[in-house]
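Note sheet for the following structure.
Throughout, read-outs are computed from the coordinates displayed, never taken from laboratory work. Everything quoted here is computed from the prediction, not taken from an experiment. In this analysis, Cβ positions are derived from the backbone assuming ideal geometry, glycine residues included, and neighbour counts consider all displayed protein chains.
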There are 2 protein chains.
Amino acid sequence: MVFWGLVLARGSSKSIPHKNIQLLDNKPLIGWVLEPMKNSAVFDDIWVSTDDKQIASIAQSYGVKVHDRSQESATDSSSSLAAILEFIKTHRGADQICLVQCTSPFLREQYLKSAYHLMIDQKYDSVFSVYRSHCLRWSIGLNALNFDEHCRPRRQDWTGEYVESGHFYCFTTALVQNDGILQGGKCGVIEIPKKFCLEIDDMFDLQLAKYYRNFF
Amino acid sequence: MVFWGLVLARGSSKSIPHKNIQLLDNKPLIGWVLEPMKNSAVFDDIWVSTDDKQIASIAQSYGVKVHDRSQESATDSSSSLAAILEFIKTHRGADQICLVQCTSPFLREQYLKSAYHLMIDQKYDSVFSVYRSHCLRWSIGLNALNFDEHCRPRRQDWTGEYVESGHFYCFTTALVQNDGILQGGKCGVIEIPKKFCLEIDDMFDLQLAKYYRNFF
């Protein structure tokens, strides 16, 4: 079984220019995930797929491999799925891949180890990271989606829901190639405490992340 | 039409002792909502319902009225609905009430004014605060709840959902007394930017709130 880690890191980004290499405590965001990926020691190889020379250079400084991502799979409208399929087509050999997103910098190696355990030891087809939520949701048309408004649940009476945290998605290459999905088959999750789940979408989030650093 | 603001502020709190009067920038959490409530000038009266002498005293220092909340409606298992009904039974006279939660300290008076406009000028039966979310959610049993896992939505292609922000719930007293609900009838929402939607559940959130203060 060959298990690869993969980071998709486009050069262009709408919200923050060169978001993937913005600095958080003097370390680029991509470094925040490459370090726990390396330290977890669960991957046979770690790849960064990018269309950008500067990102490629930074990735190499972390001792990981670089895939020269095609322009077609790196546009604003490209899906992660398309970029993963393009990567798999070029680099064969992995049975399982863990897509790690550098927009979730507070990744801990223990969560990758837990995902490895499910994927490799327990032979799951897919495993992704989540956090637990008790948010009450409504459709834009104002229909209650996850509770009965005539009997609002108390937090302690409700197990809640999982929300994709965005840290990682592990899948067999068979699942993504044959079924075109990242989540399916024998599917599991790794639950991550909410405080590690800040996602960097804009400059506000990036500044907030600097403060989170005071706590861990 | 008589429109009252109401804050429910129990003395006991599981996560943080006396949470409602914990200090954020030297101002108790309850002050963070009483000030915009007063400044909005949309309420004929503002009430704090509490079973705690210290909270009552702090509420009075903000020049608002205090309801002596019964022990039965202030236990860990009491619902907000029960506490509202108890309040309404004791203090008659309001046609509409706006329940404001001091666990959402970054309330802005403009949002209360917008809610007033809908409730009073547009004669809505209920209006509550929300933020827009594009989170992908799963049941604990791992069924995708708000998307098709065979065709994961891109953020730009999906209007998203509303999530209750927790800042406030406005309703007619008729709605809550006759139907036992806070949300229904002619129902609307006030959409609040996510950065104002931090909810204080535990000490981590409270410390985080201090940093949010750097931004606004």
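The calculated Kirkwood hydrodynamic radius for the stretch A:93-187 is 15.4 Å, given to one decimal from all distinct C-alpha pairs.
Partnerless cysteines in chain A, where a partner means another cysteine C-beta under 4.7 angstrom, comprise A:102, A:135, A:151, A:187, A:197. Determine, at each q value in 0.18, 0.27 (inverse angstroms), the log₁₀ of I(q)/I(0) that the Debye formula gives when each Cα of the stretch A:162-209 is one equal point scatterer. So the normalised log intensities work out to -0.69, -0.99. Among the residues of A:159-167, the average count of other protein chain beta-carbon atoms within 10 Å of the residue beta-carbon is 4. Within the same chain, aspartates and glutamates fewer than 8 places from residue B:123 are excluded, and of the rest, those with a Cα less than 14 Å from its Cα are B:95. The angle separating the long axis of helix B:29-40 from the principal Cα axis of greatest extent in chain B is about 90 degrees. Ratio of Rg to Rh for the protein assembly as shown: 1.03 [Cα atoms; Kirkwood radius as inverse mean 1/r over pairs]. For a modelled paramagnetic label at residue B:215, 7 Å from Cα along Cα-to-Cβ, the residues of the stretch B:14-53 in reach, with backbone nitrogen under 18 Å, are B:25. Build a GNM of chain A with springs between Cα atoms under 10 Å apart, and of A:98, A:187, A:170 the one that fluctuates most is A:187.
With all projection directions averaged, the alpha carbon convex hull of chain B covers 13.6 nm². Placing R0 at 22 angstrom, the Cβ-Cβ distance between residue B:154 and residue A:70 gives a FRET efficiency of 0.75 after rounding to 0.05. Scaling the Cα radius of gyration of the stretch A:46-116 by the globular reference 2.2 N^0.38 Å produces a ratio of 1.16. Pairs spanning more than 22 Å between alpha-carbon atoms, out of A:27/A:195; B:19/B:210; A:210/B:27; B:38/B:113: A:210/B:27. Largest GNM mean-square fluctuation among A:50, A:173, A:75, using chain A with Cα springs under 10 Å: A:75. Size estimate for the stretch B:12-86 follows the Kirkwood approach: the inverse of mean 1/r over distinct Cα pairs works out to 13.2 Å.
Calculated FRET efficiency, residue B:144 to residue A:92, Cβ-Cβ distance, R0 = 30 Å: about 0.50 to the nearest 0.05. Can you return the lysines within cross-link range of residue A:89? Criterion is Cα-Cα under 19 Å, with same-chain partners fewer than 8 residues away left out. Filter leaves A:65. Each Lys and Arg contributes +1 and each Asp and Glu -1, all at the Cβ; summed about the Cα centre of chain A, the dipole is approximately 480 debye.
Packing-based ranking of A:119-132, B:58-71 yields A:119-132, B:58-71, ordered from highest to lowest mean Cβ neighbour count within 10 Å.
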